[in-house]
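The values are calculated or read from the model by the stated rules, or taken from the named source; none is laboratory data. In this text the structure is predicted, and so the values were computed from the model without any measurement. Methodologically, a virtual Cβ is constructed for each residue, glycine included, from the backbone with ideal geometry; neighbour enumeration extends over all protein chains shown. SASA here: full protein model, heavy atoms, side chains in, ligands and nucleic acids out. Shrake-Rupley method; radii C 1.70, N 1.55, O 1.52, S 1.80 Å.
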Amino acid sequence: MRNEFISEELIQKLKKEQNNLRQKVTITELDISKINIIAGVDVSYFEDKALGVVVVLNKDLELIDVVYSIDKVTFPYIPGFLAFREAPIIFKCFEKLREKNIVPDIVLFDGHGIAHPRGLGIASHIGVLLNIPTIGVAKRKLYGKCVEPKRVGQSTPLFDEEGKIIGYCYLPKKNSHPIYISPGHLSSPETSLEFVKSLIKKHKLPEPTRLAHYYTQKLKENKNI
């Protein structure tokens, strides 16, 4: 689908829905000691289809399960409205987890949380609808201002227009760009940063979202999906 088929009336309706959901986002300290099951989400595309993957890890970052779902794409890519494009396929993945009686304690998304023009990136949007703690970990900044960190392991605050901290820019590895970490739902900027840092091992991205992306690519290579 192309963006020119999206009317201004629909855009305003989607913004209103985001603003309503934003009122339900809860920003609070995350008790990391109680997290045992961690999920990572990634959505990829091929032809006219979306492929959603959710990986599930234990607190030692050992893989427990991988579920995926495939469906036709029904919404175009519009910056700031990613959840409307990807939520349907992600919900199908979580249905499969429920069928297996797997309930993650937290979910990480390849996208933003409250570091969003209307405070409702995909991690916040889906976190509210699933009523589960979520964190957004993005490779590019969508909204906010920060001084980019220069040293490996350094983090700098990401501010909104009113000067409130809505996340952190973090430099995970040498010769890499920063990643942008923001709470989605039932977390805070500080505890989101602390938890994501604990999930980064040999690679730039935290293991849950890195592995989710790895499996989307592997599945797309499989011609039988």
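Structure values in brief
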item: From Leu108, Leu97, Leu120, residue being assigned to a helix (DSSP H, G or I) and in contact (Cβ under 8 Å) with a residue 40 or more places away in the chain; result: Leu97
item: Any hit, segment 192-211, residues being of a type in the set (A, V, I, L, M), farther than 19 Å from Asp42 by Cα and open to solvent by less than 30 Å² (accessible area, probe 1.4 Å); result: yes
item: Residue pairs meeting the criteria (Cβ under 8 Å; at least 6 apart or on separate chains; first assigned to a helix (DSSP H, G or I), in segment 21-40; second crowded, with 20+ Cβ neighbours inside 10 Å); result: Leu21/Leu120; Leu21/Ser124; Leu21/His125; Leu21/Val128; Arg22/Gly119; Arg22/Leu120; Arg22/Ser124; Ile32/Phe195
item: Segment 186-207 residues that are touching a residue at least 12 places away in the same chain (Cβ under 8 Å) and of a type in the set (Asp, Glu), paired with ones that are open to solvent by 20 Å² or more (accessible area, probe 1.4 Å) and not in a loop (DSSP other than H, G, I, E, B) (beta carbon under 7 Å, 6 or more apart); result: Glu194/Ile32
item: Which numbered condition Ala50 fails, given (1) more than 30 Å from Ser188 (Cβ to Cβ); (2) open to solvent by 10 Å² or more (accessible area, probe 1.4 Å); (3) small (Gly, Ala, Ser); result: (2)
item: Among residues of segment 156-187, those that are out of contact with any helix residue (DSSP H, G or I) (no Cβ under 6 Å at 6 or more places or on another chain) and in a strand (DSSP E or B), counted; result: 11
